[in-house]
Amino acid sequence: MRAPGERTPVETREPEALEYSRQSVHADLRRRLRRVAVMTPSVAQCAVAAALAWLVARDVLGHPRPFFAPIAVVICIGVATGQRLRRLAELVVGVTLGVGVGDLLISQIGSGAWQIALVVALAMLAAVFLDSGSLIVLQAGSSAVLVATLLPPTGSGGFDRMVDALVGGLLGIAAVAVLPASPRTIVHRHASPLFEALAAALDGAAQAINHDDPERARRALEAARLTQPLVAGFSEALQTSMEITTISPLYRQRRRHLQAYQTAFAPLDHALRNTRVLLRHSVSVLGEHQIPAETTGALTELARATLLLRDELAASEQPASSRAALLGVAGGLHALNAARAGFSAQAITVQLVSITFDLLQAAGLDQAAATDALPKLDAPPD
């Protein structure tokens with residue numbers, strides 16, 4: 001029988017679950033606000049360049065309704081994503097195909113339901129033949145629809161629209177070149193959440209093992225599984241930042257500052273994947289098998305080193321301190337591997353070694369140096 005006032009294990013964990021839920025809501029709100037802050041410079045670029053494109057096409061070129069000029073700006077600049085130059089090329093080629101096929105066929109066969117179907121199909125197939133990009137195919141199809149339904153079969157409407165697209169695309173590139181967002185700021189704002197998510201996953205694993213609590217490990221695993229958009233955002237930010245340093249003379253010399261982030265990207269992704277594997281093992285073994293106490297310290301130190309690496313890269317510093325901290329963790333893993341724990345504990349150690357290897361590479365060590373710093377894994381005991 002329970003003593004008066006004594007709570008069951010379920011009742012004990014209910015406040016923890018509620019606190020975790022509140023923390024998740026707050027973390028989601030912070031992510032959304034951070035996303036708005038990250039995208040604001042690109043939105044401002046789109047707004048200003050779209051207005052300029054409209055004015056140039058209408059007042060300088062004399063096009064009465066140059067709707068395609070601001071559309072081209074928005075597509076070209078995008079919203080904090082990469083491959084702007086490719087999108088510009090796809091846009092111009094797609095419009096040219098759609099307008100060309102549309103004008104050629106509609107002027108001969110007239111406009112109607114089957115004519116629209118034929119024009120759209122031929123324009124999109126021609127775009128697919130030229131390139132596999134989705135934008136060029138969609139733009140060719142939509143341009144063909146506009147020619148078949150809104151523009152007359154003859155006249156200069158199609159040519160004007162092609163010129164509008166080119167004007168908008170060039171003004172979009174000019175906006176990126178003349179009024180660029182800081183490439184280092186773009187990368188840091190997208191990389192920082194990924195570093196923090198990895199550190200949180202490592203710390204969550206440490207807390208779960210320290211309290212021998214599989215439920216903590218499960219919650220940490222659920223949070224870690226939601227991080228793939230962060231990886232994609234970091235990748236796109238790297239692409240965008242490299243393009244800015246290529247297009248803008250203001251930031252051309254900053255390209256070398258991005259190399260450290262490029263070096264860190266793939267190993268960080270691998271470290272996050274390996275941390276998820278470690279958490280899955282933890283969910284299975286906690287409460288049933290003993291995990292060496294040193295594992296908690298190693299995970300905690302890896303989390304701290306991850307945040308230190310984030311700060312050093314943000315400051316454009318050589319990651320000397322984070323590298324030293326990671327090498328310290330690697331040295332401690334030699335003793336942990338020699339402890340000859342059971343199979344379940346050894347599986348955790350294997351993942352610890354893999355995560356440390358990934359983070360050492362993220363901090364700039366080459367594969368050979370990272371391998372030499374780590375213990376050679378012993379076969380787990382029978």
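Quick check on residue 217: is it over 22 Å from residue 27 (Cα atoms), in a helix (DSSP H, G or I) and among the hydrophobic types (A, V, I, L, M, F, W, C)? Step through it out loud before you land on a result.
Numbers: over 22 Å from residue 27 (Cα atoms): no; in a helix (DSSP H, G or I): yes; among the hydrophobic types (A, V, I, L, M, F, W, C): yes.
So residue 217 fails the test.
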Quiz item: From the residues in the stretch 31-66 that are touching a residue at least 24 places away in the same chain (Cβ under 8 Å) and assigned to a loop (DSSP other than H, G, I, E, B), which one is nearest to residue 192 (Cα to Cα)?
Solution: 66
Quiz item: Does any residue in the stretch 268-282 that is free of Cβ contacts under 8 Å to residues at least 60 places away in the same chain come within less than 9 Å, Cβ to Cβ, of a residue that is not acidic (Asp, Glu) six or more places away or on a different chain, and which pairs are these?
Solution: 269/194; 269/231; 269/234; 269/235; 280/217; 280/221
Practice problem: Please name all residue pairs, on different chains or six or more residues apart, with Cβ atoms under 9 Å, provided the first residue is in the stretch 109-137 and is in contact (Cβ under 8 Å) with a residue 60 or more places away in the chain and the second residue is surrounded by fewer than 17 Cβ atoms within 10 Å (Cβ to Cβ). | Solution: 135/86
Self-check item: Count - residues of the stretch 85-132 that are more than 30 Å from residue 174 (Cα to Cα), at pLDDT below 80 and of a type in the set (S, T, N, Q)
Solution: 3
Self-check item: Members of the stretch 137-184 that are modelled with pLDDT under 75 and open to solvent by 50 Å² or more (accessible area, probe 1.4 Å)
Solution: 150, 152, 153, 154, 155, 156, 159, 162, 178, 179
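So how many residues does the stretch 220-230 have that are part of a helix (DSSP H, G or I) and surrounded by 17 or more Cβ atoms within 10 Å (Cβ to Cβ)?
Keep residues of the stretch 220-230 that are part of a helix (DSSP H, G or I), which gives 220-224, 228-230.
Next, from what is left, pick out any that are surrounded by 17 or more Cβ atoms within 10 Å (Cβ to Cβ): 220-221, 223-224, 230.
Total satisfying the criteria: 5.
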Quiz item: Does any residue of the stretch 76-84 turn out to be in a helix (DSSP H, G or I) and either closer than 17 Å to residue 162 by Cα or modelled with pLDDT of 75 or more (or both)?
Solution: yes
Practice problem: Please work out which residue is modelled with the highest pLDDT, limiting yourself to the stretch 349-367 and to residues that are crowded, with 24+ Cβ neighbours inside 10 Å and among the polar types (S, T, N, Q). | Solution: 356
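The values are calculated or read from the model by the stated rules, or taken from the named source; none is laboratory data. Here the structure is a predicted model, which is why all the values come from computation and not from measurement. Because the Cβ atoms are built from the backbone with ideal geometry, glycine has one as well, and the counts that use them run over all protein chains shown. Surface accessibility is based on the protein's heavy atoms, side chains included, excluding ligands, DNA and RNA. Shrake-Rupley method; radii C 1.70, N 1.55, O 1.52, S 1.80 Å.
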